[in-house]
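In what follows, a structure is listed as structure tokens, so that the remarks can point back to it.
The values are calculated or read from the model by the stated rules, or taken from the named source; none is laboratory data. Keep in mind that this is a model prediction, so the values were computed, not measured. Because the Cβ atoms are built from the backbone with ideal geometry, glycine has one as well, and the counts that use them run over all protein chains shown. The protein model used for the area step is the full one, side chains on, heavy atoms only, and it has no ligands, DNA or RNA in it. Shrake-Rupley method; radii C 1.70, N 1.55, O 1.52, S 1.80 Å.
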Amino acid sequence: MAEEIRIPKLGMSATEVVLAEWMFGDGEQVNKGDIIYTAETDKTTVEIESQATGIIRPTGEEGQKYKVGDLVGTIE
């Protein structure tokens, strides 16, 4: 079963973040703990780690705003 990649809560007041950059392309192998994307709020940029090992399938687009909890990809 695929592991979902969701936008995490990045602070007390942030309800939306910008998916700044994917570090891996569709179909690439990732390992648990790898930095898979960066997310930006109005105050900070955060590196998001993979919570699983497998093949990444990003669906979120770089430069777009997402709400906390939005699905932006999966790891198969």
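Under the condition of being more than 18 Å from Glu49 (Cβ to Cβ) and touching a Phe, Trp or Tyr at 6+ places or on another chain (Cβ under 7 Å), the residues counted in the range 6-34 number 1.
Filter the range 40-52 for residues that are without any contact (Cβ under 8 Å) to a residue 24 or more places away in the chain and either of a type in the set (Ser, Thr, Tyr) or more than 14 Å from Arg6 (Cβ to Cβ) (or both); which is least open to solvent (accessible area, probe 1.4 Å)?
Kept after step one, since they are without any contact (Cβ under 8 Å) to a residue 24 or more places away in the chain, are these residues of the range 40-52: 40, 47, 49.
With either of a type in the set (Ser, Thr, Tyr) or more than 14 Å from Arg6 (Cβ to Cβ) (or both) added as a condition, the list becomes 40, 47.
Working: Glu40: 77, Glu47: 120 Å².
Here the residue is Glu40.
Report yes if some residue within the range 13-20 is over 14 Å from Tyr66 (Cα atoms) and at pLDDT 95 or above; otherwise report no. No, that holds for no residue.
Contact map, the range 9-38: first residue in contact (Cβ under 8 Å) with a residue 12 or more places away in the chain, second residue among the aromatic types (Phe, Trp, Tyr) and outside any strand (DSSP E or B), Cβ cut-off under 8 Å, separation 6 or more or different chains; pairs are Val30/Phe24; Asp34/Phe24; Ile36/Phe24.
In the range 65-74, which residues are assigned to a strand (DSSP E or B) and surrounded by fewer than 16 Cβ atoms within 10 Å (Cβ to Cβ)?
From the range 65-74, those assigned to a strand (DSSP E or B) are 65-67, 71-74; that's our starting set.
Those that are assigned to a strand (DSSP E or B) and surrounded by fewer than 16 Cβ atoms within 10 Å (Cβ to Cβ): Lys65, Lys67, Leu71.
Restricting attention to the range 6-15, the residues being open to solvent by 80 Å² or more (accessible area, probe 1.4 Å) and in contact with a strand residue (DSSP E or B) (Cβ under 8 Å, 6 or more places away or on another chain) number 2.
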